[in-house]
Every structure is written in structure tokens, then in C-alpha cells.
1. Filter the stretch 492-533 down to the residues that are over 30 Å from residue 433 (Cβ atoms) and among the small types (Gly, Ala, Ser), then identify the one that is modelled with the lowest pLDDT.
2. Can you find a residue that is more than 24 Å from the chain's Cα centre (by Cα) and of a type in the set (A, V, I, L, M, F, W, C) anywhere in the stretch 130-143?
3. Give the stretch 338-388 a look and list any residue that's aromatic (Phe, Trp, Tyr) and under 25 Å from residue 489 (Cα atoms), or say none.
4. Looking only at the stretch 324-337, count every residue that is farther than 14 Å from residue 519 by Cα and either surrounded by fewer than 23 Cβ atoms within 10 Å (Cβ to Cβ) or free of Cβ contacts under 8 Å to residues at least 12 places away in the same chain (or both) and tell me the total.
5. Exactly one condition in (1) modelled with pLDDT of 95 or more; (2) out of contact with any Phe, Trp or Tyr (no Cβ under 8 Å at 6 or more places or on another chain) is false for residue 489; which is it?
6. Check whether at least one residue in the stretch 324-340 is in contact with a Lys or Arg (Cβ under 6 Å, 6 or more places away or on another chain), closer than 30 Å to residue 478 by Cβ, at pLDDT 95 or above and not assigned by TED's automatic domain parsing to the domain that holds residue 199, and report yes or no.
7. Determine whether residue 188 is more than 22 Å from the chain's Cα centre (by Cα), part of a loop (DSSP other than H, G, I, E, B) and among the polar types (S, T, N, Q).
8. Tell me which of these residue 198 doesn't satisfy, since it passes every other one: (1) in the same structural domain as residue 237 (by TED's automatic domain parsing); (2) on the phi < 0 side of the Ramachandran plot; (3) part of a loop (DSSP other than H, G, I, E, B).
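The values are calculated or read from the model by the stated rules, or taken from the named source; none is laboratory data. This structure is a prediction, so every number in the text was calculated from the model and none was measured. A quick note on method: Cβ atoms are made from the backbone with ideal geometry, for glycine too, and the neighbour counts reach across all protein chains shown.
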Amino acid sequence: MFDGRLSFGTAGLRAAMAPGFNRMNELVVIQSAQGLLYYMLSVFGEQLKTSGIIFGFDGRYNSKRFAELSAYVFIKHSVKVYLLSEVCPTPFVAFGIKYYKCCGGVMVTASHNPKEDNGYKVYWDNGVQVISPHDINIQTYILEHLEPEENVWNIECLYDSNLLSDPIMELQEHYYKRVNELLFPDLNKEISNIIFTYTPMHGVGYPYIEKAFKNSKFNPVVPVEQQKDPNPDFPTVRFPNPEEGKSALKLAFETAEQNNSTVILANDPDADRLAIAERSIGCKKWKIFTGNELGALLGWWMIQSYKLINGHVHPKIAVLSSTVSSAILKSIAKKENIYFEETLTGFKWMGNRANKLISEGFEVLFAFEESIGYMCGTSVLDKDGISAAIKVAELAIYLEKENSSLSSALETIYNVYGWHVSVNSYFICNDSLIIKRVFDSLRQQRNYPNSILNGRYLVKSIRDLTIGYDSSTSDHKPILPVSKSSQMITFNFENGLIATLRTSGTEPKIKYYAEICGDPQKSNDANKLKCLLNKMVEGIIAEFLKPEENSLICRSE
């Protein structure tokens, strides 16, 4: 707990709540807020006081308290503060920054992490999570302002200040209005036989999804009663993350089957991610869509609904995905003559890049990452599980009227744009030295492995974004930015398989991502591709990660 100090990582702080400078607690939050305040003053000057900052919080233990303490740090320095009075989705903070033209914002959340954790996600004036140099500079200012200022714990004075306002109602009204602008106006959503089951995974999402569906004239969702209200203990799930699949969605399946529901929508606890499951009529088996599959469906639908609304595709339309996500969006964009761009992993990169593209005259329709994060439109320059849920529901109803389903539409997409078969998972490793050893053994001073399975599958090129090496470029420098604070190596094989190994920015995990692509209209090749993919991934795990030798814990549902 006292071995070092929490430093800004993936757009802020995240750790277990406990005493010590290396944990989330009131002192660390106050120190962080002070550092953020003084850095923002150095950048924005007096503008910070008038434009202000916005704070939101989720339903975890201490989240509201951490937000209030942070707000008071800024109030004490005569800065205007927007503090949402109720638990809210993370996307509302990103949306609020742009709507109120704030200098920045903070969302107190640990997203889908275990119940012991909390976090501090920081956004800049563009409504996007901070990246370098802001994160480095904020950390420097924190270290320069470690001593809590006088009476900073006295938050009773917070609510007496005329600099404090609660934007929760106004923000919702304008957010839902912007969500409606994404929708296809000629679709009668109330005349549908689809019943949507919804779970917020003990998080903040239910009242916001309920209002969003009502505002957009959808039939009401059926909530998973045991999980619909915020509960910081997350009593019904081992991990409060719908990405975990069957184990996390068990109660959702039961609720859906009791209500003859065929589509499940699931947000994570801060409602910025979305998972989907579908059951075909007359079939008992549920299909849980992977993040890549849902990215394919949503990306295709954002483009198609744009065409339906506007009649054509504007020449400066853009879509984005992260480098570890499926290449399906790239394939769709290529065939539809739409600009595509790949970024580093995480919406702090996609959001900032989208913001830059907007300044260059592009209209960014969609961005996604395989870890069930989706950005539909640019009202929120971050992943948003509420607007994504509305667009998926719209797509499901549209397909129903075409006598189709989400599963059928996905197969059609692959038949048209090419089969993209992928597998993503992770190993848990709580020892940072072991993680370093795993990646150092692969690196070996750029003497990387050149094949797997006794030389049967050869490596064509290697990109290492930790040390800044790419064997495929003329100067051996990668095009994407380098990040020395995280591990990430990508292997491109001769047969077209692309495999990436990386560490998580928020959890003690070594993640792996692998994909191989086939030709359109060759559905028979899909099974062959899956067999090849699974064989090669087994080889990569055994020879590159060596789980038994390195005591790695396999993901289990």
C-alpha cells in the first residue's frame, strides 16, 4: 500500500480502496484533485474559473465522497463546478464537457473492475480522456501539491457555494435529444414483437436506459430485477463485466426466457460498454456476440442508416478502430469508400483522433474497440453504452421487419466483406516482474521468435510498440505511437494471421488477440479458418506465454 505512489495511467487512476499512497482513498483523491487544479490553472488561467469543470460518479463505495472532495478543491479556488447529484453513466461527463464548454471533467469510477476498486478518470476540454503530455504534467503537479490545503475536507461548505450547480436533468434532456439524431426516422419502433431484456450489472445504467428507450419511442426494456439497482457489492456476479460472457449474463438469460425475450442488452457498471446476446425464435441456445462481432454489426448499421437518412455517403466520412480490434471495419470501409483509421488501444486514442479528424472536416460516424466499447457519432468522444444500446435495438427492429436477425445480419456482413475470424482472451498475472519476464523473453534484444509449432507457421513481421520497433517499415519505426509504460507486441504471420500480446492498462492481465481473414462469399472456409486460428493460438500461448512455467491464471467463466 505504501510501495510507491499511484500515477496516471489509462486517463487517470485506478486501484483498490485502502490506506496508502498506492491505493484509492480520500488523501490520494485530494492530492490528485489539487494537482489537476493547479495544472489546469497553468493551462487555462482565469478561463478555468468561468468555464469550470464537471464531476460525475458511479455507484461504488466512496465514489460520491471522492467526487465531492474533488469538487470542493476546485470551489475553494473560485472555479465553477458542475457536480452531477446522482450516479451517472461515464459518457455523461464526456458529453457534459462539450455541452457546457468546460475545461475538463472527472468521472469517479472503476468501470467493471472488482468491487474493491475505484478510479479517477480525467477528461480534457475536448471531452476526451487525457493523453500525453497532460497525464505526465498532471502527475508532476500532483507531486508538487501533496499537502492538503486548509479545511479541504470540510465539504459541508460545498453545497453552500453559488459556484456549484447540478446539471443532471438538463444534461439528460440534451443527451437524449442527440441520441435521437442518430436514429432512422422512418422506423416505427413501437410496432415490434422484440422484447429487450436489460441488465446494468448492478451499475448505474437502468434509469438512463429506461429514459432513453422512452424518449426514442421504443417499447420498455425488461430489467433483470436482481441487478437493476446500483449495488457496490455486485452480489450476483463474480466479475461485474458483461464481457465475461455466460457467467456474467446468467440472470439475464433467466429473465429473458421468463419473458419470451430474444435480445439481451447488458451494460457494465458505469454504462460505457455494451454486450449483446440473441436467441433465435424456437431455439433455446443464446448467441453472445463478441466485441468484434458487435463492432461489425454496429459499424455496418451506422453506415447503412446514414445512407438511409441521407441517401448517399459523404466523401469525408470516417470510421476508426483500435489496432487489436477486428479488421472487419476496415474491410467494410474499403468497400463502401469510407476513410478508415487504426489507433492505439483505448478510446483516449480514438477519441482524440476523432476530434482531430473533425477539425479537418471529417464526419466521424463510428469507432470501436474489441472490449465491447462503441462510439456512435461524436456527441460523446468516448465509448458510450447507452447510445450503442439504442442503435442495436434500432437495428434489431429494422432486421425484424426484413425477416432477419442480428445473427443472420452478421453472417451476411461476413459474406459481403470477408470472413474475419478472431479469438481474444487473457491470463491473470499479479506479479509485474513475471509479466516483464514474459515480454523480455520474446524481445531478447530484437531477436524475436520467427515461427511457431516447429516452424510450420512463419512470422512475417513484428511490431513492438513498447520499444518502438517495426520490422515491416523501412526505418524499423512504427507508425503508431510508442508507449513505454505498457507492453505490446504484434506478430504478423505469413499466412495472414495477426496476433497481439499486451498488458491491460487497468487490470493485472496479459491479453492476447488473434485474427485471420478469408474471402467473401466462402462461408465454407469459415470453419477451416476457425480451426487454423485455434491451432495457431494454442501454439502462441504454449510457446510465447508459457502459462505453466510463468504461473499464469487462465480466464475462466
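1. 523
2. yes
3. Matches in the stretch 338-388: 340, 347, 349, 368, 374.
4. 4
5. Going through the list (1) modelled with pLDDT of 95 or more; (2) out of contact with any Phe, Trp or Tyr (no Cβ under 8 Å at 6 or more places or on another chain), residue 489 breaks only (2).
6. Step one: list which residues in the stretch 324-340 are in contact with a Lys or Arg (Cβ under 6 Å, 6 or more places away or on another chain), which gives 340.
Still in the running and closer than 30 Å to residue 478 by Cβ: 340.
Next cut, at pLDDT 95 or above only: 340.
Narrowing the set further to residues that are not assigned by TED's automatic domain parsing to the domain that holds residue 199 leaves 340.
Yes - at least one qualifying residue is present in the stretch 324-340.
7. When the stated conditions are applied, residue 188 passes them.
8. With respect to (1) in the same structural domain as residue 237 (by TED's automatic domain parsing); (2) on the phi < 0 side of the Ramachandran plot; (3) part of a loop (DSSP other than H, G, I, E, B), residue 198 is out only on (3).
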